[in-house]
Amino acid sequence: MPFTESSLNGAKFYYELAGEGLPVVLLHAGIADSRMWEDQFNALSKHCRVLRYDLRGYGQTTADGSSYTHHTDLKALLDQLGIDRAVLIGCSNGGRAAMNFALTFPERTAGLVMVCSSPDGFEFERAPSPLRDAINAAFDAGDLETTARLETQLWVVGARRKPEEVPAAIRDQVYEMNLIALTKEVAGVGDEGDIEPPAAERLDELHLPTLILIGELDSPVSFAAGNLMLGLIAGARTVVIPNTAHLPNMEQPDLFNQIVLDFIQNLVQK
């Protein structure tokens, strides 16, 4: 469907909405924008009312530099669209935004799907990484093209594969989406706020159906965060998606869609 723009909270949000039924919101990763959900948007909208949008600082959404939080941006967008309650599916940073929304507005959240994500405030001691050092050096030097290329290597390819083992179309699209995000980050989109206490300290407050999806080849951070969430969120369950890294929905869309659709259909039947 043609895109729509909505001016809210000092930003003009690019979004797409399609389908009928239980509302589902797709929140993209920090190295991407709403285009990462192409397969899910098309598949899920045959069964649900699906919203995908570019978060502030990403894709075609523009902002005036006002202070913000992603979860209050989402509430404003849902209010404008007349969506009272939705299932939230968030990947990486999008998952953090989804969880913050669920903690702040539990009555508006029908279910939560955390994809290769961790709660705000989760601490994990990473091993030294030359690739991360190279990413930081490139960003500090203003070389955003190299930064985007190396981040694609880190997150999309992962530590256990060679680039040619991931389809070039996926690598190229993530590079393009991430370069836009990096450019906007340098230009400045406003100060992002947090929730207090952070989500990692409030997981036992979540009393809603929760699905934790992790790519088999993703970083140890996702597995550690997944174990924490599984232990503290009542009724949560975890599924590991094989042969994928940080964006399993792009690499294994059919399997991903079926897992998520089963989760959503179980919600409808209850």
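What follows draws every value from the coordinates through simple rules; no lab data is involved. All figures in this text were calculated on a predicted structure; none of them were measured in a lab. Cβ placement follows ideal geometry from the backbone for every residue including glycine, while neighbour counts extend to all protein chains displayed.
Observations on the structure shown:
- Panel values: region 145-270, Kirkwood radius from alpha carbon pairs, Stokes-Einstein at 4 °C and 1.567 mPa s, translational diffusion coefficient 77 µm²/s.
- Only Lys, Arg, Asp and Glu carry charge here, each on its Cβ (+1 for the first two, -1 for the last two); on that basis region 132-176 has a dipole of about 280 debye about its Cα centre.
- Spatially proximal aspartates and glutamates relative to LYS46 (Cα-Cα < 17 Å; intrachain offsets below 8 disregarded): GLU16, GLU20, GLU38, ASP254, ASP262
- Estimated translational D of region 1-52 in µm²/s (Stokes, Kirkwood radius over Cα pairs; 25 °C; 0.890 mPa s): 213
- Relative contact order (%) - region 137-270, alpha-carbon pairs under 8 angstrom, separation at least six: 23
- Dipole magnitude of region 128-238, debye to nearest 20 (Cβ charges: Lys/Arg +1, Asp/Glu -1, about Cα centre): 500
- Charge dipole (the chain, unit charges on Cβ, about Cα centre) - positive-most of GLY235, ALA187, TRP37: GLY235
- Charged-residue dipole, Cβ positions (Lys, Arg, Asp, Glu), the chain about Cα centre, Debye nearest 20: 600
- Efficiency of FRET from Cβ geometry, GLU38 and LEU131, R₀ 35 Å, rounded to 0.05: 0.80
- Relative contact order (percent, whole number), region 1-138, Cα cutoff 8 Å, 6+ residue spacing: 23
- Region 17-116: GluC sites (Glu not before Pro) in DSSP coil with no more than 14 other Cβ atoms inside 10 Å: GLU20
- Rg over Rh [alpha-carbon atoms, Kirkwood Rh] for the chain: 0.93
- Hits among aspartates and glutamates - C-alpha to C-alpha of LYS12 under 20 Å, sequence gap 8 or more where chains match: ASP33, ASP54, ASP64, ASP73, ASP79, GLU185, ASP191, GLU192
- For region 1-111, radius of gyration divided by Kirkwood radius, i.e. Rg to Rh on alpha-carbons: 0.92
- Relative contact order (%) - criterion: Cα under 8 Å, at least six apart; region: the chain: 20
- Remark on THR109: its backbone amide H falls under 5 Å from those of ALA86, a criterion applied only to residues 5 or more positions apart or on other chains, H modelled at 1.01 Å from N.
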